[in-house]
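Below is one structure; the comments refer to it alone.
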Amino acid sequence: MRLDRLGRGHSGWSVGCKRLCAGMVSVSGRKLGCRPAVVLPGQPRLGGLRMMARKAPSVLDRSHINPAPLMLGNDQIGDCTSVGLANALRATAALGGFQIGVDDDSVIQFYAESTGYRPGCPETDQGGIEVEVLSFAAGVGYQLEAGAYYPLWGTTDAQDRNALALIMASLGTVYLGVLLSQSDMNQIESTNGACVLEADNGAYGDTTPGSAGGHCLLGWSYSGLSDSDTVDLLTWGAIQKVTWGWLRSRIMEAHGLVWPQLTLANGLYPTGPDIDALKAQNVEFLTA
C-alpha cells in the first residue's frame, strides 16, 4: 500500500513533526491547516470520466437543504483537512435525506493519524497535505463511530470552473485547498462570516493569497457561473459566501470525492464505467 511512501503508517509521527508550519492562524476560533498543494505521481484524476464532459448546471440552488457542517475542533487546531472529509460525508448524506453523526474525537484522531499531529503537542499541529490525507482515507478508511467510510477520489484542474461546478452538482461537494489572505480573515472576523468575500477586499488588509495561510473547505452550491456570482463554501461549522472571482484568485487545488457507501438521491452520482474507472485509478495508485 502507498501509505509507506507517504511517510507514515496508521500511527507514525516523525514526518509530520519535522514539517514546517503551514501558516496556521487563529481568528476568533477559526484555524487554518492546509499545506501547499502537492501532486503525487499517478494520483487519481477525474478528467477522463464521462461525467466531466457535461456542461454544469447554470445555477445550483441548495438553500432548501441543510448540509449541517460542524466545526469539529477547527477552532482549536489546524485539522481542516480531516474536517473537510467529515463535512463532505455529512453534506452527501443530507442530499440523500439523512445525516451521519460525527464527533470531534474521531475527526481529531484521523487528523493525527493522517498528518502526524499528536494531541497535546502543539508543535506537531502543522496541518495536512490534501492529496496525502485523501490517499490515507482511501487506504485505511475514515473511521467514525458508525464504521469506516472509504472515499474514492480524483483531482481536477482548479481553474476549470465548469469542472468545479460539475463536481458540486454530481458528487455533492468539491474538496478544495485555498490560500487565504489576511484581508479575508479580517473581513470574516469583523462580520463573523456574514459577508461575501471578494478578491479585492483591500479595505480589510493585505489581499495577497496565502498571506494568512492555507485552508481546506468544501464547495457546496452556487448562484451562477460568472465572476460576480456567489459560491457557498462549507467551513468552520457554517456556510461562507464568496464570489467565483474570489475563488479563482485564492484556489490552489480541487478534488472530487465519491463515497461508495452513500448514494445521492439526485441520480447524478457516477455509476457504470465512470465509477469503475475511478475505482481502478484509486486501486492502482494505492498499490503502485
Checklist outcome for this item: For ARG161 the rounded accessible area (nearest 10 Å², probe 1.4 Å, non-protein molecules ignored) is 50 Å²
Item to check | Spatial separation of Cα centroids for segment 193-251 and segment 175-189, in angstrom | outcome: 7 Å
Checklist outcome for this item: Averaged per residue, the 1.4 Å probe accessible area of the chain, protein heavy atoms only, in Å², is roughly 39 Å²
Checklist entry - Using mean Cβ contacts within 10 Å as the protection proxy, how do 170-183, 235-248, 74-87 order, highest first? => result 74-87, 170-183, 235-248
Item to check | Of all accessible heavy-atom area on segment 178-249, the percent that carbon and sulfur account for (1.4 Å) | outcome: 49 percent
Item to check | Cα principal axis extents for segment 63-287, largest first, Å | outcome: 48, 43, 31
Checklist entry - Based on DSSP, what percent of beta bridges with both residues in segment 180-250 are antiparallel, to the nearest 5? => result 85 percent
Item to check | Rg to Rh, two decimals, where segment 87-220 supplies the alpha carbon set and Rh follows Kirkwood | outcome: 0.98
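The values are calculated or read from the model by the stated rules, or taken from the named source; none is laboratory data. Just so we're clear, the structure is a prediction, and the values are computed from it rather than from any experiment. Because the Cβ atoms are built from the backbone with ideal geometry, glycine has one as well, and the counts that use them run over all protein chains shown. Only protein heavy atoms, including side chains, enter the accessible area calculation; ligands, DNA and RNA are left aside. Shrake-Rupley method; radii C 1.70, N 1.55, O 1.52, S 1.80 Å.
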